[in-house]
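Encoded as structure tokens, the structure appears first; notes follow it.
Read-outs: derived from the displayed coordinates by stated rules, not from any lab. Just so we're clear, the structure is a prediction, and the values are computed from it rather than from any experiment. No Cβ is skipped: glycine too gets one built from the backbone with ideal geometry, and neighbour counts run over all protein chains shown.
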Amino acid sequence: MTATRQPGPILRHILFDLDGTLVDSVRITCAIIDTMLAARGVAFHADPALARAMDAIGGEAMIAAVMGPHCRDPGIEIAEFRVRHAVVATPPDLAFPGVAEALAALASADIGLGICSNKPQHLCEKILTDLDLARYFGAIVGARSDLPRKPAPDGARLALAALGADPASTLYVGDSAVDAATARAAGLPLALVAWGYGLAGARAAAPEARVLVSLRQLLD
């Protein structure tokens, strides 16, 4: 006799990481660092591969690694980086291919969407607004002074509360080992994006996670 597979919980909400999951933010990161160094007369270009590897860590560690020997004080450098980021134009094609269409389809299917990111709150809101994607999200939770950074589950829980979401029917979608640890800490099932910056590390941390080749798979 063949056992009948029981259906899992119905998916009602999705929390997304932002950088490396929905948007190719390394393009902006490298361009800003190049501009910072050019202003000092330094002929050095940020390495996109290194920036992608450091993206999930972010902050002072990221800026120190990507600027290398040209980093003077990581705290000062990241502050300048963020000031420049707040005013730099967001490329209209910064979202990965198919992201905008998939988010629109998910929202139309009454799936509640949220963001849980280590990018500063105001920069999350800026990028999503510039790309006309903010309208799809009922919760946008970025890094704040009063909120522990991922992989602490606090940001995910704040987003869940804002959405009125039950963890049992909420999926976390990310691209890094940090995202895998965040989902685990928040008690959320995890899916990974195949184009993500930290896919190899994420798969090692969560080998059971589904890998999406398109966000439209979330409509299944």
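Quick notes on this one:
- Taking the Cα centre of the chain as reference, the dipole from Cβ charges on Lys and Arg (+1) and Asp and Glu (-1) amounts to some 280 debye.
- Two-site FRET efficiency, Ile57 against Asp110, from Cβ-Cβ distance with R₀ of 41 Å, rounded to 0.05: 0.70
- Here the extension length gained between Ile76 and Asp220 equals 47.2 nm, from 0.36 nm per residue of separation less the Cα-Cα distance.
- Normalised contact order of segment 26-87, rounded percent, pairs of Cα under 8 Å and 6 or more residues apart: 31
- Annotation: extensible slack from His45 through Asp166 equals 39.1 nm (criterion: 0.36 nm per residue apart, minus Cα-Cα distance).
- For the chain, the 222 nm mean residue ellipticity estimated from helices alone, with every DSSP H stretch of n ≥ 4 adding -39500 (n - 2.57) and the total spread over all residues, rounds to -12000 deg cm²/dmol.
- Cα gyration tensor shape of segment 98-218, rounded if a/c is under 1.5, else prolate or oblate by comparing a/b with b/c: rounded
- Percentage relative contact order, the chain, counting C-alpha pairs under 8 Å, at least six apart: 24
- Segment 26-87: C-alpha gyration tensor shape, a/c 1.5 cut-off, then a/b vs b/c: rounded
- Compactness of the chain, taken as the C-alpha radius of gyration over 2.2 N^0.38 Å, stands at 1.04.
- Antiparallel bridge percentage (DSSP; both residues within the chain; nearest 5): 5
- Angle between the chain longest axis and helix 121-130 axis [Cα atoms, degrees, rounded to 10]: 80
- When the chain is described by a simple charge dipole with +1 on each Lys and Arg Cβ and -1 on each Asp and Glu Cβ, the residue from His70, Leu190, Met54 located farthest towards its positive end is Leu190.
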